[in-house]
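Novice: There's a structure below that I have some questions on.
FYI, it's all coordinate maths here, none of it is from the lab. Remember, predicted model here, so these are calculated numbers, not experimental data. Every residue, glycine as well, gets a Cβ built from its backbone with ideal geometry; the counts of neighbours run over all protein chains shown.
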């Protein structure tokens, strides 16, 4: 019983560690101005392209 719980805990901890290392080391981050969409809805309903990320929704991590 304790061995099963230990194995399950180690599997969950290992998966969490791998996910954090793989996705946490990306060289890009989500654009804050457009919430990662690449555009925002203007007053008349049209989509305006984000000028910070140029429509991609991602910016380099250094900004």
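Novice: Any idea how far apart residue 19 and residue 44 come out in nm if each label point goes 7 Å out from Cα toward Cβ?
Specialist: Each label point is offset 7 Å from its Cα along the Cβ direction, giving 4.4 nm.
Novice: Taking the Cα atoms only, what angle lies between the long axis of helix 2-24 and the longest principal axis of the chain, rounded to 10 degrees?
Specialist: That helix lies at roughly 30 degrees to the long axis.
Novice: Go ahead and run the numbers for FRET between residue 32 and residue 11, Cβ-Cβ distance against an R0 of 22 Å, rounding to 0.05.
Specialist: FRET efficiency, residue 32 to residue 11: 0.05.
Novice: Next up: Of [x] 12.6, 40; [y] 16.6, 52; [z] 19.5, 62, which one was derived for Rg and Dmax of the Cα atoms in Å from the structure shown?
Specialist: [z]
Novice: Per-residue ellipticity at 222 nm for the chain, helices alone: DSSP H runs ≥ 4 residues times -39500 (n - 2.57), over residue total, nearest 500 deg cm²/dmol?
Specialist: Helices in the chain give a 222 nm mean residue ellipticity of -13000 deg cm²/dmol.
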